[in-house]
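Notes follow once the structure below has been shown.
Just so you know, all these numbers are worked out from the coordinates, no wet-lab data involved. This is a predicted model, so every value here is computed, not measured. Note that we place each Cβ from the backbone using ideal geometry, even for glycine, and neighbour counts take in every protein chain shown.
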Amino acid sequence: MFKKILTCLFLMTFVGLVRADEALPLAADPVLEKRLISISEEMRCLVCQNESLSGSRSDLAQDLRREIRDLIQQGKTDAEIRTFMVDRYGDFILYRPPVKPTTWLLWMGPFVLMIGGIAALLMYLRRRNTQVPSTALTDDDNKRIDALLREDR
């Protein structure tokens, strides 16, 4: 017990010495940094795939951000930077890839699947309704049902 208390006191004395510094900006020019963020928000991290390039912490994302920063410093326009990245990594890097024959499945696929699912559901429901024979109740059945309902009251 004494060892635990002594260990806690020892750790508590050093907690005050540890402090976090404010993160330094990645570029000396804040305008450049804002432009980098706006470009990299539209691009997908190739490692994380569900995260934007600006939000990812992977090594590849850091390298790609550094590459974009270098291109900005070289005076390239946003469109030229996007073209460079697409030429290098393909349309997959963009969150909104262009509509062209190679991406038709990407753009139209969800709608085709939804229409196919609805058609399959309608066919299933029609087939199910034709398989269940409908029978009319006889007078004796109706009398038994009425008797059962009266008993419950």
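What order do you get for 4, 143 when you list them from fewest to most C-beta neighbours inside 10 Å? Please list the in-between numbers first.
Values: 4 8, 143 11.
Fewest to most other Cβ atoms nearby, the residues stand as 4, 143.
All other residues with a Cβ under 15 Å from the Cβ of residue 65 taken together, and with Lys, Arg as +1 and Asp, Glu as -1, what is their net charge? Display every interim value, and only then the final one.
Working: positive: 34, 35, 44, 57, 66, 69, 76, 82, 88; negative: 29, 33, 41, 42, 51, 59, 63, 67, 70, 78.
Around residue 65, the charge tally is -1.
Shape of the range 26-97 from its Cα gyration tensor (a ≥ b ≥ c, root eigenvalues): rounded if a/c is under 1.5, otherwise prolate when a/b > b/c, or oblate? It comes out oblate by the Cα gyration axes.
For residue 76, a cut-off of 22 angstrom between C-alpha atoms picks up these lysines, skipping any fewer than 8 places away in its own chain: 34.
Remark on residue 44: its backbone amide H falls under 5 Å from those of 53, 94, 95, a criterion applied only to residues 5 or more positions apart or on other chains, H modelled at 1.01 Å from N. Of the chymotrypsin sites (Phe, Trp or Tyr not before Pro) found in the range 56-146, those that fall in a DSSP loop while having at most 11 other beta-carbon atoms within 10 Å are 95.
Out of the range 59-153, which GluC sites (Glu not before Pro) are coil in DSSP terms and have no more than 11 other C-beta atoms within 10 Å?
On the way: sites: 67, 80, 151; in loops: none.
For GluC sites (Glu not before Pro) across the range 59-153 that sit outside H, G, I, E and B with at most 11 neighbouring Cβ atoms in 10 Å, the list is empty.
The range 92-136 and the range 36-72 have Cα centres spaced 34 Å apart.
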